[in-house]
Each structure stands twice: as structure tokens, then as C-alpha cells.
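Taking it in order: structure first as C-alpha cells, then the write-up.
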Amino acid sequence: MGFGFLIDPINRSWRKNLLEAYFPYVIQEAVMNIHLRIRAGEDIQFWNGDKYGRFSIKSAYTLITNIDADSDFNGASSWKISYWQSIPIRAWKRIWSSSTAPKIMGFHWRACVHGLASGEDLIHRKIPIDPNCGICGEEKESIKHILFFCPIARVSWFRSNLSYRL
Ligand SMILES: [Zn+2]
């Protein structure tokens, strides 16, 4: 998966709005601290979270879990970091060891770290929208509501091969 879309090719700078949309605060800061060369074509991308310099969501997770919880976690994203830390390590291990497509693992990870554009998360990012569910309109559109408790989600789980009744 390429991450060149995170770089503005004209200004040769990181697209901060995209970093804010997709990554937790500590990752945003780490990426923003990567110096980009002025002339295009000379860059090599090297991610410090991996010995080969290749970025992956798993290496980003490893980087974050190795950061001291008392360090720089403050500001607008602190609620997200504390939520992140409340998720047991075994849950992360299940995500990364599951035998599914990396895209699915990435979606699962983003759902767990509030990295999806739900109404609730957009409100936390100070985006003035209606936070209620766009499908049922009955509750605030949280990740849990979208994936489990919206009436449409409940029907989907029940009608799946798993026959879950939520
Ligand atoms: Zn709903």
C-alpha cells in the first residue's frame, strides 16, 4: 500500500488534513517530523517504526504501544489515546493475527481507534455535522452503533451465517 497521497507534490509537504483524518495524534506528529526533500524524485520513504523503513499499520501500532503513556498525550486527541489504551492487548493481537485481508485488518484497527468518520468522531474533530445515525436517526452515530446496534446492523448480524442476536 502506497502512502504517497499523504504528500502534497507541489509544496513537497505532508497533507496535514489527511494525516488528521486517518491517524492518531502520535502518528501524525511522527510523520510530520519526517523531513521531505525539496526536489521530487530524490526521496526515499523510510518509516522509523520498521527496520526496513516500510510503513504498515501493524508497525504504527507497535510504535504507539511502546510510547510511554505519560509522555506527550495531551490536547485534542487525548480522549482517543485513552480509549486506545483501554483496549486489551489480546484484542490487538487477534486483529493482527487474523487470517484476513490487510484491508479488513486495517478497517478493524481504525474502528477500534476511532479512525473512521462516524458522526461521533467528526464532532470530536470539531466538524459541525448532525451526529445522529444517517440510517435510522435514532441514536448518535458511534462506531458501536454503526457496526452493532443500528437496526440495520442488527438485522445483518442476525441474518449472517453467525446468526448473532444483538
Ligand atoms: Zn442507526
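Bear in mind that the values in this text are calculations on the coordinates, not laboratory data. On a predicted model such as this, the values are computed, not experimentally measured, just so you know. Note that we place each Cβ from the backbone using ideal geometry, even for glycine, and neighbour counts take in every protein chain shown.
Length gain on complete extension for the stretch residue 32 to residue 107, per 0.36 nm per residue less the alpha carbon to alpha carbon distance?
Details: separation 75, 0.36 × 75 = 27.00 nm, distance 2.31 nm.
Taking residue 32 through residue 107 to full extension adds about 24.7 nm, to one decimal.
Using the Karplus curve 6.51 cos²θ - 1.76 cosθ + 1.60 with θ = phi - 60°, what ³J(HN,Hα) values do you get for each residue of segment 98-110, in whole Hz, with x for Gly and Pro?
Using θ = phi - 60°, the values come out as 5, 8, 9, 5, x, 4, 5, 4, x, 5, 4, 4, 5 Hz.
Modelling each spin label as a point 7 Å along the Cα-to-Cβ direction, I'd like the residue 155/residue 129 distance in nm, to one decimal.
Going from the residue 155 label point to the residue 129 one covers 2.3 nm.
Tell me which lysines have Cα within less than 18 Å of residue 126's Cα, excluding those fewer than 8 residues away on the same chain?
Within the straight-line limit of under 18 Å, residue 126 reaches these lysines: 16, 80, 140.
How far apart, in nm, are the 7 Å Cα→Cβ label points at residue 136 and residue 164?
1.4 nm
Neighbouring Cβ atoms within 10 Å as the yardstick, rank 22, 164, 61, 52 fewest first. It would help to have the intermediate numbers written out before the result.
On the way: 22 16, 164 12, 61 20, 52 7.
Least crowded to most crowded, the residues run 52, 164, 22, 61.
Collect residues whose amide H, placed 1.01 Å from N in the peptide plane, falls under 5 Å from the amide H of residue 7; neighbours closer than 5 in sequence don't count.
For residue 7, the qualifying residues are 15.
Using θ = phi - 60° and the Karplus curve 6.51 cos²θ - 1.76 cosθ + 1.60, what whole-Hz ³J(HN,Hα) does each residue of segment 49-60 get, with Gly and Pro shown as x?
Taking θ as phi minus 60°, the curve returns x, 9, 5, 9, x, 9, 7, 8, 5, 4, 5, 5 Hz for segment 49-60.
If you take the square roots of the eigenvalues of the alpha-carbon gyration tensor of segment 87-163 and sort them as a ≥ b ≥ c, do you get rounded (a/c under 1.5), prolate (a/b over b/c) or oblate?
oblate
How much length is gained if the chain between residue 96 and residue 54 is pulled fully straight, taking 0.36 nm per residue apart and subtracting their Cα-Cα distance, in nm to one decimal? Kindly include the intermediate steps, with their values, before the conclusion.
Working: separation 42, 0.36 × 42 = 15.12 nm, distance 1.66 nm.
Full-extension gain reported as 13.5 nm.
Hey, what do the phi angles of segment 19-30 turn into as Karplus ³J(HN,Hα) couplings, whole Hz, using 6.51/-1.76/1.60 and θ = phi - 60°, x for Gly and Pro?
Whole-Hz 3J(HN,Hα) from phi for segment 19-30: 4, 5, 6, 10, 10, x, 3, 5, 6, 3, 5, 4.
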